[in-house]
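This report concerns only the one structure given below.
The values are calculated or read from the model by the stated rules, or taken from the named source; none is laboratory data. Since this is a predicted model, take the numbers as computed values, not measurements. No Cβ is skipped: glycine too gets one built from the backbone with ideal geometry, and neighbour counts run over all protein chains shown. Ligands, DNA and RNA are excluded from the accessible area calculation, which covers all protein heavy atoms including side chains. Shrake-Rupley method; radii C 1.70, N 1.55, O 1.52, S 1.80 Å.
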Amino acid sequence: VFDIKVLPDRAHYMLSHRGVAYDLCAAAGLTLKSEKITLPKLGNDVFVAVESNFCSRYSALLIKNISNVPSPEWLRARLEAIGARSINAVVDATNYAMFDTGQPLHAFDADKVVGGITVRLAKPGESIETLSNQTIELKPHHLIIADDKGPLALAGVKGGKRAEVDLNTENIILESANFNPAAVRKTSLEVGIRNDSSKRFENEITPSLTEKGISVFLGILEKISPDCKVGAMTDIHSELPKPWTISLSHKQIESILNYKISEKRVKQILEKLDCKDAGNYEVTPPLQRLDLVIAEDIIDEIGRIE
């Protein structure tokens, strides 16, 4: 077990095992295994309405015929090794996927959800009982996940008791979403709930990560409950981020670093950082590297790895 301190400037990709592996590969000259993302087809098995721009993406899918059991030893051991408590197979699979990819997930017991899912701001007088048996009086600026009956979860912070997944759960609605960092942090501080989910959202993660979280979760669920039936995925989002390009020159690199470095070595470092160079140092960072925005950011990375 490695105990790694991750500072806020790298939290959006390094608060995950894959992020740490990516960074170690760049530093040690190793090769990162390629990821295969497997997703269900798109559809409307779960009705979702997003009524707030605090939610930039909401992906949900209905999974039926689940055999929810205590987690197998391998899953329980991996979670407990990093200080996470084992709850049951479905919940543990969501947590495993979060630690693996950096994308928080949440599962609702589908049979306890009334009607569709709505992502909205809380209404005056609403409250929620959390999974930790804490009753929270909601404020109008709190972003919640609700059904036709009322609040189901504090978005990005904590699930509610009413749709809790337990060992009797047979059908779930899986949530993989992207919430506004400032809104999550403000709510988290106000209600006094600081956890692994809120920490990742408040440091900002790319909306493209929702797919990775779902893919990893489904891979674990198929091992635990091979007879489950995965439905079509509802995917509601604003415009998703597109790859961006940063221009720099070799002269600029050596000037800022005050260091002589060969073009071959620069290109090698960029390749290990998964920063695609179209030639002449036209560099496209991976989508999760939200910290790479200007030429100096790329040069800083080259210097750090060198």
Filter segment 188-204 for residues that are open to solvent by 10 Å² or more (accessible area, probe 1.4 Å) and on the phi < 0 side of the Ramachandran plot and give the result.
LEU189, GLU190, VAL191, ILE193, ARG194, ASN195, ASP196, SER197, LYS199, ARG200, GLU202, ASN203
Within segment 127-179, restricting attention to residues that are part of a loop (DSSP other than H, G, I, E, B) and within 20 Å of ASP235 (Cβ to Cβ), which residue is most open to solvent (accessible area, probe 1.4 Å)?
ASN171
Pairs please, first residue from segment 179-199 and closer than 22 Å to THR101 by Cα and without any contact (Cβ under 8 Å) to a residue 24 or more places away in the chain, second anywhere and among the small types (Gly, Ala, Ser) and part of a helix (DSSP H, G or I), Cβ atoms under 6 Å, 6+ apart in sequence or on different chains.
ARG194/SER188
If we scan segment 229-239, do we find a residue that is in contact with a helix residue (DSSP H, G or I) (Cβ under 7 Å, 6 or more places away or on another chain), assigned to a helix (DSSP H, G or I) and open to solvent by 30 Å² or more (accessible area, probe 1.4 Å)?
no
Restricting attention to segment 5-31, report how many residues are in contact with a helix residue (DSSP H, G or I) (Cβ under 8 Å, 6 or more places away or on another chain), in a loop (DSSP other than H, G, I, E, B) and either open to solvent by 80 Å² or more (accessible area, probe 1.4 Å) or free of Cβ contacts under 8 Å to residues at least 12 places away in the same chain (or both).
3
Subset of segment 242-286 (residues that are modelled with pLDDT under 95 and of a type in the set (A, V, I, L, M, F, W, C)):
ALA278
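Can you tell me which of ILE299, ILE246 is under 26 Å from SER34 (Cβ atoms), crowded, with 18+ Cβ neighbours inside 10 Å and in contact with a helix residue (DSSP H, G or I) (Cβ under 8 Å, 6 or more places away or on another chain)?
Being under 26 Å from SER34 (Cβ atoms), crowded, with 18+ Cβ neighbours inside 10 Å and in contact with a helix residue (DSSP H, G or I) (Cβ under 8 Å, 6 or more places away or on another chain) holds for just one of ILE299, ILE246, which is ILE246.
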Does any residue of segment 239-251 turn out to be over 30 Å from THR31 (Cα atoms) and either free of Cβ contacts under 8 Å to residues at least 24 places away in the same chain or under 23 Å from the mean Cα position of the chain (by Cα) (or both)?
yes
